[in-house]
Each structure stands twice: as C-alpha cells, then as structure tokens.
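Here is the structure we will look at.
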Amino acid sequence: MAIVVNLDVVLAKRKMQLKELSEAIDISVVNLSILKKGKGKAIRFSTLDALCKILECQPGDLLEYVADEKQKHK
Amino acid sequence: MKIPLILTGFTYSLYIIAIYYTGETVISLLVFLLPVILLVSGLILRKKLKYNYFFLSRLNFLTDSKKEIYTSDISSDLLFEKLLQVILDADFKLLDTDENNLIILASTAANFLTWGENICIRILPDGEQAVIELTSYTIFGSYSWKRNEHNTENFYNAFEASLII
C-alpha cells in the first residue's frame, strides 16, 4: 500500500509508549500495532482525531503517501 | 442449554410412544438414548482443543465440517492476538487456545435449530505473512445446512471489518 503510517516516529518524538497511547485513546495495543505497521484496511476519522489530539500533531504527520516505486526501494 | 432441549424432549416423547406401541423397553431405550449420549459427550468434549480430532476425524460420520483458508499480511503473533479480539467482540464464544501452536477454539451460539458449531482457527506463519485456516464443524449432525459455510464466512468478515481502526 502507498499510504505509510508514521505512528512510531511520532511516538518516538513524543517519548510515548504504545501502551500509554492505547490507554489514552481507548484503542487496543493490538489495533495500534496493526495501524503502526500499516496493516489496517482503513482508519476512522474518530481514531485519527483521537491520535492527533493526544500526540499533538497533524494528520499529515501520521500519514504519508509514498509512491509504490519509492516504497520498493525503501 | 437452551431451546434445542425441546428437540431432546421430543426424542424422549418418541421413546415413550415406542414403548407404548411395541412393549419393548430395552430396544426403545437404546435407540433413543444413544443419540442423546453422543450429543452430551459432544457438548462436553467440544470445549477443549485436545478433543478436536474427534470431531474432525474422517471416520466420524456424525459431524460435518468445512475448512476455508485465507492469507493475511499481518504477522502470526499479532494475528493471534487480533483474532482473539475479534472473537470477543463478535458473536463467538472463546473456548480454548494454544499459544504455542497458534490455535484458537471458539463456538457459535446455540439456538432453536442448532447446538452451535465450533470454529477452530489455526494460524500458520509464512514469513512476514500468515495463513489462517478456519474450520467450522458441527457437534452433532452429519449435515450442517450451510451453517459451517456461514460461520467461516461470518468470522472472516468480522476479522476484515475489525481491520478498520
């Protein structure tokens, strides 16, 4: 998929653990792990809203579009 | 135990009628007690993974099963946790798990038509991906009336829906 989720990058910048984030936004660690690895099918606006609120960031900080060719080289 | 007991009660009534008309108590008792014993045994054994082989054996003509295989690009360890979550959130009841071999045993609810079926979920690691083997089987009934097919389809649909986070 061309959409890359940079949740781990934002978490590292905020020095927050996944478990802490999970408790803050009431989404399970499993689901956040799936989201972090880019294995989710879709993300709800409510989830995106909660993430941006807690992590004090913009949706563009979490989601990045990478063209398929660039992703292969990555 | 819910409504299917009515069917068991009906079976007992037939036993009483058979005695009345034939006068043979032993044969009538055997004829109607045997399926009841098999059913009760099945209801007890269904709860543990170690008795799974009993229901899935090719020699067991009293049960019906349906297997579907899917692939997922989620790693096996994460998939195991995710499928447990799917079971708890959906209309399935968790019965048993084997974390070492990545096997989950769940069941569907009983209703008027069925005692519920078991769903055995086996996760097979395949590098960064995983293969999901879903097997739905009846506890007592050599034909599932498409319930096994519906169960595997419903479970996988619930899993796919849960990937919308």
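Every number in this text was worked out from the coordinates using simple rules, so none of it is lab data. Here the structure is a predicted model, which means the values were calculated and not measured. A quick note on method: Cβ atoms are made from the backbone with ideal geometry, for glycine too, and the neighbour counts reach across all protein chains shown.
Evaluate segment B:75-94: report whether one residue or more is among the acidic types (Asp, Glu), surrounded by 13 or more Cβ atoms within 10 Å (Cβ to Cβ) and within 19 Å of the chain's Cα centre (by Cα). So that I can check it myself, show each step before the final result.
Filtering segment B:75-94 for residues among the acidic types (Asp, Glu) gives B:77, B:81, B:89, B:91.
Next, only the ones that are surrounded by 13 or more Cβ atoms within 10 Å (Cβ to Cβ) stay: B:77, B:81.
Then keep just the ones that are within 19 Å of the chain's Cα centre (by Cα); that gives none.
No.
Checking the structure you have, find out if any residue of segment B:130-143 is out of contact with any strand residue (DSSP E or B) (no Cβ under 9 Å at 6 or more places or on another chain) and farther than 24 Å from residue B:43 by Cα. Looking for residues that are out of contact with any strand residue (DSSP E or B) (no Cβ under 9 Å at 6 or more places or on another chain) and farther than 24 Å from residue B:43 by Cα, one finds none in segment B:130-143, hence no. Among residues of segment A:26-49 that are free of Cβ contacts under 8 Å to residues at least 24 places away in the same chain and within 7 Å of another protein chain (Cβ to nearest Cβ), those with a Cβ under 9 angstrom from a residue that is outside any loop (DSSP other than H, G, I, E, B) and of a type in the set (Asp, Glu), sequence gap 6+ or separate chain, pair up as A:28/B:81; A:30/B:81; A:33/B:81; A:41/B:160. Close Cβ contacts (under 6 Å, 6 or more residues apart or on different chains) running from residues in segment B:151-165 that are assigned to a loop (DSSP other than H, G, I, E, B) to residues that are loosely packed, with under 13 Cβ neighbours inside 10 Å comprise B:163/A:41.
For segment A:18-54, filtered to residues that are touching a Ser or Thr at 6+ places or on another chain (Cβ under 7 Å) and in a loop (DSSP other than H, G, I, E, B), the residue that is nearest to residue B:128 (Cα to Cα) is A:28.
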